[in-house]
């Protein structure tokens, strides 16, 4: 039995392997775009979490080579060999990375299912060719242009890039498709709805296929069948430019997509109670919309911070599974790990400063007790205790908690001395006790 309405923390390549064949109705994925940028995230809500600054990189794709199937990697290696400059940016590694995950998406998708891959100009043309391989050329349905506006440079020597690309494929010939409509524009109405009845209602005459014509009333018309360019859904900004108020949807995630975009995709390609999967779910927009629309959902993200933010967004009854094994914890960067310990395990708040934190990673008990988290393979010793005691003094507190894998014998002796002579109490907690003991 597949568990739904859940968030899995981990690499979607590994998580998807645990999902049975042909059980998902709709997949939407918004992976990194090969943008060659580093993004900063600002999570501003949570358990007293006044500001948690995280980031992710869409630059160093060569670092992923060691984790990719060499056969798949070789398949795409020829791409950059044809370029001037050769393997300078790692586009072939990026395509191979996405390919491994799309192979699993194809396996878990129902025969009647659909998949939407969100990308932009950096790699959409390569992804299209690769998706033809995975899902079949004949199962390509649309290249959707999601158009938007924004600041433009009058000095740029190229046309303004103002759309993302969404590649829409199906698993087979028979698939869920609920036709949607968009309103007629004013020019269309003036051109075609040229008649009025005795009540003043506008209509146009349409052929009925039998030699006569019938009245199609404007107030009864559904509009245009949905086209493959979408200019009516605005991207998210920090501030609504019309009201100058903070956009209520914005969570501080730099690549966050608007709920209206996912509402449209989910409406078109699924029905109530269908299962919607997002393998790169970020801040959880797909899951939030699926929940509102009475669909079941499964989300996957490699960042534990993102998973915790999603849990808060979706409600406490949504579980986060994974992300806490010793292997997974070892892969976390120090700041993300400290946040998991302090915010999620100790109900505290994190110090938003990555560097220059003066020896304090966060606080618990309404910011009365400083916490420091060490990620060392060797035991924490006496010098670290002394430094932490000074940090507690600077923070004008009388107690602190130091979290680490293990502590040396002289460490405990120093804790006792500091409590006796300096009247500062330091509590030592082991990581294993926090994560792996009931």
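Residues of the stretch 131-145 that are buried (at least 20 other Cβ atoms within 10 Å of the Cβ) and over 17 Å from residue 174 (Cβ atoms): 131, 144.
Conditions tested, residue by residue: (1) in a strand (DSSP E or B); (2) within 19 Å of the chain's Cα centre (by Cα); (3) under 23 Å from residue 10 (Cα atoms).
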site	(1), (2), (3)
265	no, yes, no
277	yes, yes, yes
282	no, yes, yes
286	no, yes, yes
289	no, yes, yes
294	no, no, no
298	yes, yes, yes
306	no, yes, yes
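On the given criteria, is residue 174 exposed (fewer than 11 other Cβ atoms within 10 Å of the Cβ), under 30 Å from residue 110 (Cα atoms) and modelled with pLDDT of 95 or more?
Working: exposed (fewer than 11 other Cβ atoms within 10 Å of the Cβ): yes; under 30 Å from residue 110 (Cα atoms): yes; modelled with pLDDT of 95 or more: yes.
Taking the combined requirement at face value, the residue satisfies it.
Filter the stretch 81-121 for residues that are surrounded by fewer than 18 Cβ atoms within 10 Å (Cβ to Cβ) and at positive phi; which is modelled with the highest pLDDT? Going through the qualifying residues, I end up with 85. Going through (1) modelled with pLDDT under 90; (2) in contact with a strand residue (DSSP E or B) (Cβ under 9 Å, 6 or more places away or on another chain) one by one, residue 23 falls short only on (1).
Tell me yes or no: at least one residue of the stretch 285-302 is at pLDDT below 95, within 28 Å of residue 166 (Cα to Cα) and either surrounded by fewer than 16 Cβ atoms within 10 Å (Cβ to Cβ) or in contact with a helix residue (DSSP H, G or I) (Cβ under 9 Å, 6 or more places away or on another chain) (or both).
Here is the first cut: in the stretch 285-302, the ones at pLDDT below 95 are 301-302.
Okay, now just the ones that are also within 28 Å of residue 166 (Cα to Cα), so 301-302.
Going one step further and asking which of them are either surrounded by fewer than 16 Cβ atoms within 10 Å (Cβ to Cβ) or in contact with a helix residue (DSSP H, G or I) (Cβ under 9 Å, 6 or more places away or on another chain) (or both), we end up with 301-302.
Yes, the stretch 285-302 contains a residue that is at pLDDT below 95, within 28 Å of residue 166 (Cα to Cα) and either surrounded by fewer than 16 Cβ atoms within 10 Å (Cβ to Cβ) or in contact with a helix residue (DSSP H, G or I) (Cβ under 9 Å, 6 or more places away or on another chain) (or both).
For residue 359, the stated conditions do not hold, so it cannot be described as in contact (Cβ under 8 Å) with a residue 40 or more places away in the chain, surrounded by 17 or more Cβ atoms within 10 Å (Cβ to Cβ), at positive phi and not in a strand (DSSP E or B).
Looking across the stretch 178-209 at every residue that is within 30 Å of residue 117 (Cβ to Cβ) and surrounded by 12 or more Cβ atoms within 10 Å (Cβ to Cβ), the one that is nearest to the chain's Cα centre (by Cα) is identified as 180. For the stretch 217-249, which positions are modelled with pLDDT under 85, closer than 26 Å to residue 299 by Cα and in contact with a strand residue (DSSP E or B) (Cβ under 9 Å, 6 or more places away or on another chain)? If the condition is that a residue be modelled with pLDDT under 85, closer than 26 Å to residue 299 by Cα and in contact with a strand residue (DSSP E or B) (Cβ under 9 Å, 6 or more places away or on another chain), then 238, 247 are the ones that fit.
The values are calculated or read from the model by the stated rules, or taken from the named source; none is laboratory data. Keep in mind the model is a prediction, meaning the values are calculated, not measured. Note that we place each Cβ from the backbone using ideal geometry, even for glycine, and neighbour counts take in every protein chain shown.
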